[in-house]
Structure formats: C-alpha cells, structure tokens
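For reference, the structure discussed in these notes is given below.
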Amino acid sequence: MIRINLLPHREQKRKARLARFAVLAGISVGIGIAIVAAAYLALAAQIAMQAERNAFLEEENAKLDKQIAEIETLKKERQLLLDRKKVVERLQANRGEAVQILDQLVRQTPEGIYLSEIKQTNNIISLTGFAQSSARVSTLMRSLNDSPIFEQPNLIDIKADATTGQRLNMFRLNVTITREADEDPAAKAKAKKGAQP
C-alpha cells in the first residue's frame with residue numbers, strides 16, 4: 001500500500017529549523033553568559049587578591065614608617081650625645097688653659113708693664129694695663145706673638161695717663177688664644193694607630 005503524506009512538510013521543516021535555531025541560540029547565550037561570569041569571577045578574584053596585597057603593603061608601610069620615626073629619634077638622640085661628648089672633650093682639653101694663659105702672661109710680660117685687667121671672651125683675651133713707655137708695649141706685643149699659646153696681638157689704644165702722678169701710658173690690646181682645631185675622634189684614632197709600629 002502506498003502512503004501519501006498530505007501534511008505540509010515545509011512547515012514541519014521550518015518548525016524544526018526554528019527549534020534547532022532556538023536551541024543553538026540558547027546554548028550560545030548560555031556559553032556567552034558562562035564566559036562572562038568566568039571572566040567576572042576571575043577579575044573579581046584578581047581584584048580581591050590585589051586588595052589583599054595593597055592592605056599588606058599598607059600595613060608594612062605603616063610598620064616601616066614607625067621604624068623610620070624611631071630611627072630618626074635615635075639619630076637625634078645620638079647627635080645630642082655626640083654634641084655633649086664634644087663639649088666634654090673640649091672642656092677636658094681646655095681645663096688647664098687658664099693656668100697656661102696666666103703662666104704665659106707672667107713669662108711674656110716685660111718689666112715696666114703692669115696689667116690691671118685681664119678679660120677673656122671665647123678665644124680673645126683683652127689686656128688693660130699701664131706701661132712706662134710705648135716701646136715696652138711693643139715689646140709685650142712681640143713676646144705675646146712669639147708665645148706658643150698666643151697669636152695676633154692687636155693694640156686697641158695707648159694714651160698717656162696723668163692720674164697716677166707718674167708718667168705712665170695706659171694701653172688696651174687684644175690677643176688671640178691658639179687652640180688646636182677640633183678633630184674627629186675617628187681621625188684621631190687613625191692617627192694614633194698609624195703612629196704605632
């Protein structure tokens with residue numbers, strides 16, 4: 001027996017194609033959504049990881065900032081201690097200076113000169129006194145210049161003084177104290193080591 005299909009076959013094929021298209025479109029949309037979701041999750045994971053790294057770096061930076069502040073405080077304290085040490089060393093080095101100054105003044109002052117005032121300001125000594133003649137003042141200046149602890153005597157003024165009843169010249173002069181330049185303790189230690197055999 002012969003079967004004849006009287007149903008519209010084109011309509012069925014069109015419906016089958018539409019169904020296939022809908023299935024393929026759904027699958028494509030699903031795949032696209034899955035790709036977008038996977039990319040979003042991957043980016044979110046990377047952002048979260050970077051945020052953790054940033055938080056860790058901020059914590060470490062805060063710790064380092066505290067340590068730097070402590071180091072700066074320690075540096076300031078160290079500098080204060082070094083300054084105090086230098087002052088103590090300078091005082092220690094110059095503790096016998098007054099005795100040396102007075103000793104040298106006595107040794108270098110020629111006869112006929114009488115000192116009435118000795119004043120020290122930093123490393124300048126101001127001398128005020130009386131001399132029997134101006135030649136004795138120049139002798140005093142030469143002998144002070146030849147002294148191991150004095151240099152650069154500078155005469156401020158000299159004038160005749162008639163108030164004492166004798167013929168005397170009143171003078172004022174400044175003289176500089178020779179001091180060794182402050183050296184670095186490390187340089188002193190190296191110099192000592194170099195001097196030893």
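Here are the numbers for this structure:
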quantity: In the chain, lysine pairs with alpha-carbon atoms under 29 angstrom apart (chain gap of 8 or more, or interchain); calculated: 26
quantity: Read-out Rg and Dmax of the Cα atoms in Å, derived from the coordinates shown; its label in [x] 16.3, 51; [y] 19.8, 62; [z] 50.0, 175; calculated: [z]
quantity: GNM top mover of LEU102, LEU43, LEU64 - the chain, alpha-carbon springs below 10 Å; calculated: LEU43
quantity: Which of ILE113, LEU144, LEU43, positive extreme of dipole for the chain (C-beta unit charges); calculated: LEU43
quantity: For segment 63-75, 3J(HN,Hα) per residue [Karplus equation, 6.51 cos²θ - 1.76 cosθ + 1.60, θ = phi - 60°, Hz, x = Gly/Pro]; calculated: 4, 5, 4, 4, 5, 5, 4, 5, 5, 4, 4, 5, 5
quantity: Segment 80-87 - phi-based ³J(HN,Hα) in whole Hz, Karplus 6.51/-1.76/1.60, Gly and Pro as x; calculated: 4, 5, 5, 5, 4, 4, 4, 4
quantity: Nearest 10 degrees, 0 to 90: helix 134-146 Cα axis against the chain principal axis; calculated: 40
quantity: 0 to 90° range, to nearest 10: angle between helix 97-108 axis and the chain longest Cα axis; calculated: 30
quantity: Rounded tilt (10° steps) of 185-195 against the dominant C-alpha axis of the chain; calculated: 70
quantity: Cβ-placed point charges (K, R +1; D, E -1), dipole of the chain about Cα centre in debye, nearest 20; calculated: 1960
quantity: Distance (nanometres) between label positions extended 7 Å along Cα→Cβ at ILE2 and ILE118; calculated: 15.5
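Each reported figure results from applying straightforward, stated rules to the coordinates on display, with no laboratory input. Note that the structure is a prediction, hence the values are computed from the model and not measured. Note that each Cβ is placed from the backbone with ideal geometry, even for glycine, and that neighbours are counted across all protein chains shown.
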